[in-house]
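Report on one structure; see the data block that follows.
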Amino acid sequence: MAALLIRSIARTIKRPPATASAAYSTEGKVALITGGASGLGKATAGEFIRHGARVVIVDSDEESGFKAAKELGVAAEFMVCDVTVEADIARAVETTVERHGKLDVMYNNAGIVGPMIPASISELDMKEFENVMRINVIGVVSGIKHAAKVMIPAGSGCILCTSSVAGVLGGLAPHSYTISKFTIPGMVKSAASELCEHGVRINCISPGTVATPLVLRYLRKVFPTATEEKLRETVKGMSELKGAECEEADVAKAALFLASEDGKYVTGHNLVVDGGMTAFKIAGFPFPSDS
């Protein structure tokens, strides 16, 4: 019995400890993240860096961008980029490749909600609609285009895009935002049809509502007198999955999986991270009266 116990202890000692890099590693990868100064972009940058990546974050918010890069440490750097300007995206991709010799991951994350009013599609302001589409759709297409320019010759790479539960189920957000986010899974499938033959993967993530700065700013317009704590409670209350809420880290870890070698056979996919929110609807069955 003593000998058996000793052998058991010896096997335990020899077993290497689990490390962060053992699962979903981005060790040695170079990633470019748009909208990386805050929210999901910044959280994903941090997750990639913790698992060995070098990350270039780009954003139109210069002050927040430099602050985020400083907080993320030496493995992060920041470039100003307006995703509605194709030349800016091209420059960000080209500069990343010049500095680091490659681009392994392009995460097209930048986006806006757009105006809440007027609520009716019959009164939609087409100029505001075009503005949302320029950022949420054209900016993403530009990111895919310029990432593909360097990934196709390399014969490898991973492109990610942020969609939303509002792009899975109608009625969850203003029309402009909803329409723009429904577009993302379609462009992912379209691009996958070509990029597969070059060894380049492309996927999107559709998060549930997360208390990011973007979402909190949106809710503050709806509930101007509510405290941030109350707004966060509102977001938490939207969860369908008992005992859990969708956090920035959940989306960042989904992106990490898709960007890592563990996701090497996943492409053309919309990974919905919503705690079941869009998976079902409880039927409010109107029972007939006895009369």
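Would you compute, from DSSP H runs of 4+ residues alone, the mean residue ellipticity of the chain at 222 nm, taking -39500 (n - 2.57) per run and dividing by the full residue count, rounded to the nearest 500?
Numbers: 10 runs with 127 residues, N = 291.
One gets -14000 deg cm²/dmol as the mean residue ellipticity at 222 nm.
Enumerate the amide H contacts of ASP274 below 5 Å, restricted to partners 5 or more residues apart or on another chain; note that Pro and chain-start residues carry no placed amide H.
GLY208
Which value results for Rg/Rh of region 120-263 when Rg is the Cα radius of gyration and Rh the Kirkwood radius based on the inverse mean 1/r?
On the way: Rg = 17.2 Å, Rh = 16.9 Å.
Ratio of gyration radius to Kirkwood radius for region 120-263: 1.02.
Placing +1 on the Cβ of each Lys and Arg and -1 on the Cβ of each Asp and Glu in region 106-179, which of GLY167, HIS146, ALA110 has its Cα farthest towards the positive end of the resulting dipole?
Sorting the options by dipole projection puts first HIS146.
Debye calculation, C-alpha points only, no solvent: report log10 I(q)/I(0) for region 38-145 at q = 0.11, 0.17, 0.18 Å⁻¹, in the same order as the q values.
Cα-only, vacuum Debye calculation for region 38-145: -0.39, -0.82, -0.89.
With springs only between Cα atoms under 10 Å apart, run a GNM on the chain and tell me which of THR267, THR44, THR234 wobbles the most.
Largest GNM mean-square fluctuation: THR234.
If the chain were replaced by its equivalent ellipsoid, with semi-axes equal to the square roots of 5 times the Cα gyration tensor eigenvalues, what would those be, largest first, whole Å? It would help to have the intermediate numbers written out before the result.
On the way: eigenvalues 226, 160, 76 Å².
The answer is 34, 28, 19 Å, longest axis first.
Kindly identify region 224-291 as rounded, prolate or oblate by the Cα gyration tensor criterion: order the square roots of the eigenvalues as a ≥ b ≥ c, call it rounded if a/c is under 1.5, otherwise compare a/b with b/c, prolate if a/b is larger, else oblate. List each step's numbers first, then the result.
Details: a/c = 3.90, a/b = 1.46, b/c = 2.67.
Oblate.
Once you have a ≥ b ≥ c as the square roots of the Cα gyration tensor eigenvalues for region 146-199, tell me rounded if a/c is under 1.5, and otherwise prolate or oblate according to whether a/b is larger than b/c.
In terms of gyration-tensor shape, prolate.
For the chain, list the DSSP H helices whose alpha carbon atoms reach 27 Å or more along the long axis and whose average Kyte-Doolittle value is -1.0 or above?
Those that clear 27 Å and a mean of -1.0 are 175-195.
Among all cysteines in the chain, which have no other cysteine Cβ under 4.7 Å from their own Cβ?
CYS81, CYS158, CYS196, CYS246
Which parts of region 137-180 would a label at SER122 reach, counting a residue when its backbone N lies under 19 Å from a point 7 Å out along Cα-to-Cβ?
The answer is 171, 174-176.
Tell me, what is the percent relative contact order of region 90-238, built from C-alpha pairs under 8 Å that lie six or more residues apart? Present the calculation step by step, with values, prior to reporting the outcome.
Working: 192 pairs, mean separation 35.8, N = 149.
Once normalised by length, the contact order is 24 percent.
Residues with beta-carbon under 12 Å from that of ALA249, excluding ALA249: net charge, scoring Lys, Arg +1 and Asp, Glu -1?
Working: positive: LYS42, ARG50, LYS253; negative: GLU47, GLU245, GLU247, GLU248, ASP250.
Result for the neighbourhood of ALA249: -2.
Readers should treat all values here as calculations from the given coordinates under stated rules, not as data from a laboratory. Just so we're clear, the structure is a prediction, and the values are computed from it rather than from any experiment. Counting neighbours? That spans all protein chains shown, and the Cβs are built from the backbone with ideal geometry, glycine included.
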